[in-house]
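Student: Structure in structure tokens, see below.
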Amino acid sequence: MKKRLTAALLALILCLGLIVPASAAGFSDVPATYIFHDAIAGCVEKGIVSGYADGTFRPAASVTRAQFCAMLVRAFYPREDDAYAKWKSTGWFLPAAALLKDKGVMFYANEYWTQPSVMNISVTRADMAKFIANVMQEKGYTVSDAAKSAAQAKIADYASIDGYYQDAVKTVFALGIITGYADGAFGPHDTMTRGQGAVVISRMAQCMSAGSGTPVPVPEQTEAPTVLSSGKAVTEENVLEIINGLRDAYPEDVDFSEGYTLGNSSPVRTVTHPYPRAEDPNTHTSNRIGCGAWATLVSDAVFSQNGFPPRKVPLTEARPGDVMVQLNAAGQLVHVTSILSRPQTDKDGKVTFTVSQASTRGQSVYRIHWDSPYSWKQGDPYTYDIYTRYPA
């Protein structure tokens, strides 16, 4: 089965026997339009990461503690782990882990970092922040208290972050290495993906680019983007070009149970999440799994996660790449899809259009379906809210 292109979104390292070198352009699930394409390509070029034998990179797969340790060593301590080769006989990751221990970067106790059962657990955002902050400190970079305080003020769920991790989280947030979700939360317990791992390594290198001392924060985007994720102008033709690329990566009926791990950090979440779900009005739709994840992934693949904020438009003004929220008579969310065509209205006022969607259709897992027909007419029990990211 063809592998998926997601977001979210890291077993970034060459796990012995499983992974072979490849160029980013050669990964079937990392096309040029992928949100983390450039970061992945850079890490591959430097030998920090690679792909799997089947030609995929699997950017949405989670990265383990062991894999991230190896990644850090390859990126920032190249060749130094040769002195720790003796460790390899008891675990492929142990030369890297032992080196990080001696550098003062490893913060797990000895009885943990030497154990595969512990190190093969997916790394959380809080743990990754701790590793990153320790590497920055070991390399001689410091972040001012003022910058940390400013970062803390921006983190909506700061009070929920364990005190042991708070300084590290403030550090990486201030530097722009790991930032928050669209709702301002940091999500300390969420796991990181292969694609995200490539991004944080790239951002760490960017922060260190000025030499030892105070790191240079990754600059925030100050101007609204004017082009799509492909670098082309914002036109329906160019939007459809990106969507057609997704058709290749996600053929009809492909398993989408993996979802879109970056969904909660997408601007799309700000407009879809507030709706109460018809199944249980006390809950909200997810942008990481199911139908909401697919619509979010398509939108981000086209417009990226930077800029192009969503805004509501009438159904009759929908365009390819827009997000459609289907509602019942009570205004509760029933389904979320991605618009594929401009709606057509007949003489009786019936509006017809096509969408792509992730749905179960009576099956046990979500699968991708293309060119699904939809229609609406005044008086129908269901209505549709449309959100576009095309510039006004």
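The values are calculated or read from the model by the stated rules, or taken from the named source; none is laboratory data. None of the values given here were measured: they were computed from a predicted structure. Quick reminder, even Gly has a Cβ in these numbers, built from the backbone with ideal geometry, and neighbours come from all protein chains shown. Heads up: the accessible areas ignore ligands, DNA and RNA and are worked out on the full protein's heavy atoms, side chains in. Shrake-Rupley method; radii C 1.70, N 1.55, O 1.52, S 1.80 Å.
Student: Which order, highest average first, do 241-247, 132-138 follow once you tally other Cβ atoms within 10 Å for each residue and take the mean per peptide?
Tutor: Order by mean packing, descending: 132-138, 241-247.
Student: Ok, one more. Hey, any idea what Rg/Rh is for the range 53-207, computing Rh the Kirkwood way over Cα pairs?
Tutor: Reported Rg/Rh, Kirkwood definition of Rh: 0.97.
Student: Return the whole-Å distance between the Cα centroid of the range 316-380 and the Cα centroid of the range 53-76.
Tutor: 37 Å
Student: Could I ask something else about it? Would you mind working out the magnitude of the charge dipole of the range 233-277 relative to its Cα centre, with +1 at each Lys and Arg C-beta and -1 at each Asp and Glu C-beta, to the nearest 20 Debye?
Tutor: Computed about the Cα centre, the dipole is about 420 debye.
Student: Would you compute the Debye intensity of the range 205-351 from its alpha-carbon atoms alone, equal scatterers and no solvent, and pass along log10 I(q)/I(0) at q = 0.09 Å⁻¹ to two decimals?
Tutor: After summing over all Cα pairs, the log10 values are -0.36.
Student: For the chain, report the accessible area per residue in Å² (1.4 Å probe, heavy atoms, rounded to an integer).
Tutor: I get 43 Å² per residue for this part.
Student: Hey, could you pull the Cα Rg and Dmax for the range 179-278, both in Å?
Tutor: 17.5, 55
Student: Taking the alpha-carbon distance from K86 and a cut-off under 22 Å, which lysines remain once sequence neighbours fewer than 8 residues away in the same chain are dropped?
Tutor: Within the straight-line cut-off, K86 pairs with K101, K103.
Student: Between the range 279-296 and the range 226-267, how many Å separate their Cα centres?
Tutor: Their Cα centres are 18 Å away from one another.
Student: Students often forget the sequence filter, so: which lysines lie under 30 Å Cα-Cα from K232 once same-chain residues fewer than 8 apart are removed?
Tutor: K2, K3, K46, K312
Student: Let me check I've understood the local charge: for T345, count other residues with C-beta under 13 angstrom from its C-beta, Lys and Arg +1, Asp and Glu -1. What total comes out?
Tutor: +1
Student: Return P(r) of the chain (all Cα-Cα pairs; 20 Å bins starting at 0; whole %; ordered from short to long distances).
Tutor: With 20 Å bins starting at 0, P(r) equals 27, 54, 18, 1.
Student: Further, regarding this structure: Which of rounded, prolate or oblate describes the range 263-335 when judged by the alpha-carbon gyration tensor and an a/c cut-off of 1.5?
Tutor: oblate
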